[in-house]
Amino acid sequence: MDTYVLLQHYWWFLISLLGGLLVFLLFVQGGQGMLYTVGKSGMERDMIVNALGRKWETTFTTLVTFGGAFFASFPLFYSTSFGGAFYVWMLILLVFVIQAVAYEFRRKADNFLGEKTYEWFLMINGVLGALLLGVAVGTLFTGANFTVNRLNLANVGGDTTISQWTTPWRGLDALADYRNWALGLAVLFLSRVLGAQYFLNTIDDKSIRTRSRRQLWFNGVPFVLCFLLFLVSILLSDGWAVDPATGTISVEPYKYWHNLLAMPLLFAALTAGVLAVLTGIVRDLRKESSTQGIWWSGSGTVVTVVCLFLLAGYNDTAYYPSLSDMQSSLTIYNSSSSEFTLTAMSIVSVLIPFVVAYIWYAWRAMNRRKITREEIASADEHLY
């Protein structure tokens with residue numbers, strides 16, 4: 001493997017890791033979506049919003065970092081998907097904007113929209129944010145309608161856009177594939193499971209903990225069913241394979257199943273990740289006093305999502321299949337930045353462990369004290 005190919009694989013792994021961390025941090029969205037099912041009184045909803053308010057910026061920052069890293073390392077994907085499927089991406093952006101507005105203004109004095117309006121903003125973000133992100137990621141396996149023609153750059157006086165979207169639906173066509181829905185719903189229900197586990201871990205209140213434990217049942221079962229539907233359907237589907245020597249792309253039946261067989265460590269990690277998620281759920285359901293299941297489910301989520309991304313991009317696989325022109329499909333070879341750019345970014349990436357360590361330190365510092373009714377009632381504390 002030459003240096004350039006090694007860098008392309010390295011950066012696809014970092015993108016996968018950021019994607020895994022982002023899905024774990026979507027527990028904020030999951031918790032928001034259960035604002036009125038777990039919080040039955042104004043005080044309980046204040047406790048929930050303030051527990052999530054400690055972490056929402058971490059999720060938002062990770063989303064921006066994920067998009068930025070994708071742009072820098074695989075710019076052709078960024079220009080193709082973000083420029084073509086912009087209805088979906090604009091919807092995702094909008095629901096994250098109203099989330100930021102809600103945390104900022106919910107408790108502002110004399111806000112003219114009223115507290116409930118901002119709580120609805122949080123619930124809309126909690127449902128649509130996780131669902132749409134899952135649907136968008138599903139297209140890495142199921143494909144999208146676009147073409148790529150680099151010669152357009154030489155079209156002096158005409159359209160110089162490299163990537164063209166071939167349907168007027170601009171990404172909403174992804175909703176026509178049941179596999180994208182399956183992954184979107186799996187991400188939505190998983191975020192709610194993680195949200196309930198976060199409440200168990202962070203909020204010291206018997207009523208909220210009882211309802212959170214009940215939500216583990218209500219959301220854990222549909223999560224497992226939707227995830228299995230997506231995984232089995234993908235493993236039984238055709239995939240787009242690329243010949244790294246010629247760049248020619250062709251259809252390969254059961255491509256993703258073959259990828260698992262070709263990468264046994266990935267197979268083992270995917271299995272371990274799924275089992276860790278289930279262990280966390282069962283642990284919190286079986287023991288009334290358990291509050292640590294989120295660490296099992298969270299680490300399992302990161303590992304599982306990383307494996308799914310690697311399944312889509314490694315082993316000479318087109319990670320963004322084109323349904324309009326097979327040879328336009330994107331691979332880590334034909335869509336990455338130059339070797340110089342990837343090398344420069346790789347040098348900077350050695351700082352990532354320090355950033356992660358700082359985030360962990362800040363997380364621990366914020367969670368050192370559980371959220372209680374007394375804290376929320378105190379006028380001295382900052383409230384969201």
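The values are calculated or read from the model by the stated rules, or taken from the named source; none is laboratory data. Given the structure is predicted, the values throughout are model-derived calculations rather than measurements. All Cβ positions, even for glycine, are placed from backbone atoms using ideal geometry, and neighbour counts span all protein chains on display. Each accessible area value is taken on the protein alone, full model and side chains, heavy atoms only, with ligands, DNA and RNA left out. Shrake-Rupley method; radii C 1.70, N 1.55, O 1.52, S 1.80 Å.
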| said: If I fit a long axis through the Cα atoms of helix 339-348 and take the longest principal axis of the Cα atoms of the chain, what angle between them do I get, 0 to 90°, rounded to 10? | reply: 20 degrees
| Using the alpha-carbon atoms, what tilt in degrees (0 to 90, nearest 10) does helix 130-142 show relative to the longest principal axis of the chain? | 20 degrees
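Treating the beta-carbon of each Lys and Arg as +1 and of each Asp and Glu as -1, no other charges, what is the dipole magnitude of the stretch 336-379 about its Cα centre, to the nearest 20 debye?
Values: 5 positive and 3 negative charges, 72 e Å.
Once rounded to the nearest 20, the dipole reads 340 debye.
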| Longest exposed-site-free window of the chain, the sites being GluC sites (Glu not before Pro) in a DSSP loop that have at most 15 other C-beta atoms within 10 Å | 1-287
| field | Of Tyr103, Tyr87, Tyr198, the one that fluctuates the most in a GNM where the chain has Cα springs shorter than 10 Å | value | Tyr87
| query | Given charges of +1 on the Cβ of Lys and Arg and -1 on the Cβ of Asp and Glu, with all other atoms neutral, how large is the dipole of the stretch 1-121 about its Cα centre, in debye to the nearest 20? | reply | 240 debye
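For Val355 and Phe13, compute 0.36 nm times the residue count separating them, minus their Cα-Cα distance, and round to one decimal in nm.
Numbers: separation 342, 0.36 × 342 = 123.12 nm, distance 1.73 nm.
Full-extension gain reported as 121.4 nm.
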| task | Taking amide H positions as placed in the peptide plane 1.01 Å from N, state which residues far from Tyr320 in sequence (5 or more) or on other chains have amide H under 5 Å from it. | result | Leu330
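Count the lysine pairs in the chain whose Cα atoms sit under 18 Å apart, keeping only pairs 8 or more residues apart in sequence or on different chains. Walk me through the numbers before you get to the answer.
Numbers: Lys40/Lys116; Lys40/Lys206; Lys55/Lys370; Lys108/Lys116; Lys206/Lys287; Lys206/Lys370.
Counting lysine pairs in the chain gives 6.
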| remark: Rounded to the nearest 10, the angle in degrees between the Cα long axis of helix 293-313 and the longest principal axis of the Cα atoms of the chain comes to 10 degrees
| Residues of the stretch 127-149 with amide N under 13 Å of a point placed 7 Å along Cα→Cβ from Tyr178 | none
| note | Karplus-derived 3J(HN,Hα) from phi for the stretch 168-185 (6.51 cos²θ - 1.76 cosθ + 1.60, θ = phi - 60°), whole Hz, x at Gly and Pro, runs x, 7, 6, x, 5, 5, 4, 6, 7, 9, 4, 5, 5, 4, 4, 5, x, 5
| Under the Karplus curve 6.51 cos²θ - 1.76 cosθ + 1.60, θ = phi - 60°, whole-Hz ³J(HN,Hα) for the stretch 30-45, x wherever Gly or Pro sits | x, x, 4, x, 9, 4, 9, 8, 9, x, 9, 10, x, 4, 5, 5
| task | Read phi for every residue in the stretch 194-209 and hand back ³J(HN,Hα) as whole Hz from Karplus 6.51 cos²θ - 1.76 cosθ + 1.60, θ = phi - 60°, with x for Gly and Pro. | result | 5, x, 5, 5, 5, 4, 4, 7, 10, 9, 9, 8, 4, 5, 5, 5
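Using the heavy atoms of the protein chains alone and a 1.4 angstrom probe, what is the accessible area of the chain per residue in square angstrom? Before the final figure, lay out each step's value.
On the way: 17420 Å² over 384 residues.
Spelled out: the 1.4 Å probe surface of the chain, per residue, equals 45 Å².
How big is the dipole moment of the chain about its Cα centre under a simple scheme where the beta carbon of each Lys and Arg is +1, that of each Asp and Glu is -1, and everything else is neutral? Debye, nearest 20, please.
On the way: 26 positive and 25 negative charges, 278 e Å.
The calculation lands at about 1340 debye.
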| task | Could you work out which residue, out of Asn155, Asn50, Asn201, moves most in a Gaussian network model of the chain, that is, has the largest mean-square fluctuation with Cα springs under 10 Å? | result | Asn155
| note | Taking a label point 7 Å from the Cα of Thr166 along Cα-to-Cβ, the residues of the stretch 326-345 whose backbone nitrogen sits under 14 Å from it are 326-330
| query | Leaving out ligands, DNA and RNA, what percent of the accessible area of the chain is carbon and sulfur, probe 1.4 Å? | reply | 67 percent
